[in-house]
1. Counting Lys and Arg as +1 and Asp and Glu as -1, each charge on the Cβ, what is the dipole of the chain about the Cα centre in debye, to the nearest 20?
2. What range in the chain is the longest one free of GluC sites (Glu not before Pro) that are in a loop by DSSP and have at most 16 other Cβ atoms within 10 angstrom?
3. Enumerate by residue number the trypsin sites (Lys or Arg not before Pro) in segment 1-81 meeting two conditions: DSSP loop (anything except H, G, I, E, B), and at most 13 other Cβ atoms within 10 Å of the site's Cβ.
4. Would you work out which of Pro129, Leu33, Gly88 lies farthest towards the positive end of the dipole of the chain? Charges go on Cβ: Lys and Arg +1, Asp and Glu -1.
5. Springs between alpha-carbon atoms under 10 Å, Gaussian network over the chain: tell me which of Leu136, Leu17, Leu33 tops the mean-square fluctuations.
6. List the residues, sorted by chain then number, that are 5 or more residues from Leu72 or on another chain and whose placed amide H is less than 5 Å from its amide H.
7. Given the alpha-carbon gyration tensor of the chain, what are the semi-axes of its equivalent ellipsoid in whole angstrom, ordered largest first, with each equal to the square root of 5 times an eigenvalue?
Amino acid sequence: MKLKYSLITRRQFLNTLFGGSLLVFFSGAIYTLLKFAFPTLGKEPEFVVLYKNEFVNLAPNSTKSFAWGGVLGIFLKREDGTMAAFKGVCTHMECNVAYRQEEKKFYCACHQGWFNDQGVNIEGPPPKPLENFEILETGEKIIIARKGAKVDLAKV
């Protein structure tokens with residue numbers, strides 16, 4: 001059946017189809033590039049549950065990493081036996097930090113930032129301390145949580 005009058009021409013239809021496909025393609029490409037450039041954006045957890053035997057028996061003045069959402073978390077056992085947990089990214093540009101045992105400090109290699117074993121920024125460009133987490137021990141598990149986060153121990 002041939003229509004006598006059409007609302008759009010064949011050329012308009014094909015131009016709209018082509019333009020729409022270009023829009024979808026470039027939107028996907030931009031989204032992919034943004035996810036590559038900023039992989040840590042997004043919601044982070046309020047707490048993580050770890051097995052106690054993997055972390056409590058660390059040697060003094062040593063660290064063990066754990067996953068904190070999409071970024072690095074660092075569990076530190078100090079020389080005096082106290083334990084601490086930090087978000088393992090620099091507060092300057094979100095580069096990963098590493099613990100230097102011989103100096104008892106955290107180091108960010110991106111811009112030579114230093115943090116002491118309390119997570120306090122002491123040298124370089126980092127504007128604030130590392131994010132410090134609370135450590136809760138329950139039975140065979142350790143719960144590492146944000147300061148002030150509500151953790152329902154019955155569900156863990």
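Bear in mind that the values in this text are calculations on the coordinates, not laboratory data. Note that the coordinates shown come from a computational prediction; the quantities given were computed from them, not determined experimentally. Neighbour counts are summed over all protein chains in view; Cβ atoms, including those assigned to glycine, are modelled from backbone coordinates with ideal geometry.
1. Rounded to the nearest 20 debye, it is 1280 debye.
2. It runs 1-45.
3. Hits after loop and neighbour filter: Lys2, Lys4, Lys43.
4. After comparing all options, I get Leu33.
5. For the chain, modelled as a Gaussian network with Cα springs under 10 Å, the answer is Leu17.
6. Residues meeting the amide H criterion: Gly88.
7. 50, 21, 11
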